[in-house]
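Let me begin by presenting the structure, written as structure tokens, before commenting on it.
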């Protein structure tokens with residue numbers, strides 16, 4: 001559908017008012033909400049790629065984030081509320097203010113039936129620990145989009161969470177992801193798993209909880225994790 005292609009383009013170009021019009025038009029044509037989510041996810045992955053390649057600056061990403069938020073505002077109430085599978089605590093690590101990635105992950109996880117508590121951006125390891133004590137999630141997801149925050153804040157947060165888990169004999173799992181994170185790095189810092197994007201985060205979360213997700217769909221996650 002041309003409107004879907006246009007939606008992806010307008011998010012990438014950071015045009016929130018046109019995004020609002022397009023999303024409403026798409027919904028009038030009975031397009032499934034998850035199709036729109038896929039388009040938004042594709043757009044934000046492209047933006048991350050542009051930023052990494054220095055084709056986009058921080059201001060470009062900011063405008064795209066505004067466009068994404070406009071779409072999210074419209075479709076979020078339409079996502080079916082499924083009985084909760086479990087709780088997941090999310091956050092972008094200290095020193096990093098990139099919020100779009102965790103917002104997309106949150107939408108996909110909630111659509112799959114998880115309760116998600118998003119701590120937002122610039123989250124210290126102590127805030128993750130405090131969040132765990134308050135919400136008692138089965139999974140904690142940490143994201144880093146900059147090399148500096150991955151090498152310092154993400155590494156420190158994961159180490160502190162592992163220490164806290166072992167000291168208190170807890171069994172929550174730790175997933176890491178984001179533009180600055182690779183499977184090899186995730187393993188090196190001791191995370192329990194790694195997700196490349198929002199779609200894979202859903203497969204990984206299900207696997208960590210009950211080992212029941214579709215193995216064929218999850219092969220890309222496993223191959224990346226084992227490499």
### Query
Which whole number of Å³ per residue matches the convex hull of the alpha-carbon atoms in segment 2-78?
70 Å³
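Provide 21, 35 in ascending order of the number of other Cβ atoms located within 10 Å of each residue's Cβ, fewest first. It would help to have the intermediate numbers written out before the result.
Details: 21 16, 35 12.
By the 10 Å Cβ count, ascending, the order reads 35, 21.
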### Message
With a 10 Å cut-off between alpha carbons and a GNM built on the chain, which of 45, 73, 115 moves the most?
### Response
73
### Task
For each of 163, 94, count neighbouring Cβ atoms within 10 Å of the residue's Cβ, then give the residues from fewest to most.
163, 94
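Averaged over all directions, how much area does the convex hull of the C-alpha atoms of segment 36-118 cover when projected, in nm²?
Working: hull surface 22.7 nm².
Result: 5.7 nm².
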## Note on the structure
With Cα springs under 10 Å, the Gaussian network model of the chain assigns the largest mean-square fluctuation among 174, 129, 140 to 129
### Computed [θ] at 222 nm, deg cm²/dmol, the chain (DSSP H ≥ 4; -39,500 (n - 2.57); rounded to nearest 500)
-18000 deg cm²/dmol
### Query
In whole Å, how far is the Cα centre of segment 1-15 from that of segment 191-206?
26 Å
### Summary
When 98, 135 are ranked with the fewest other C-beta atoms within 10 Å first, the list becomes 135, 98
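Note down the relative contact order for the chain as a percent, whole number, built from C-alpha pairs under 8 angstrom at least six residues apart.
On the way: 365 pairs, mean separation 35.4, N = 227.
Relative contact order here is 16 percent.
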### Message
With a 10 Å cut-off between alpha carbons and a GNM built on the chain, which of 18, 179, 90 moves the most?
### Response
18
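Every number here is computed from the coordinates shown, using simple stated rules; none is lab data. None of these values were measured; they are calculated from a predicted model. Because the Cβ atoms are built from the backbone with ideal geometry, glycine has one as well, and the counts that use them run over all protein chains shown.
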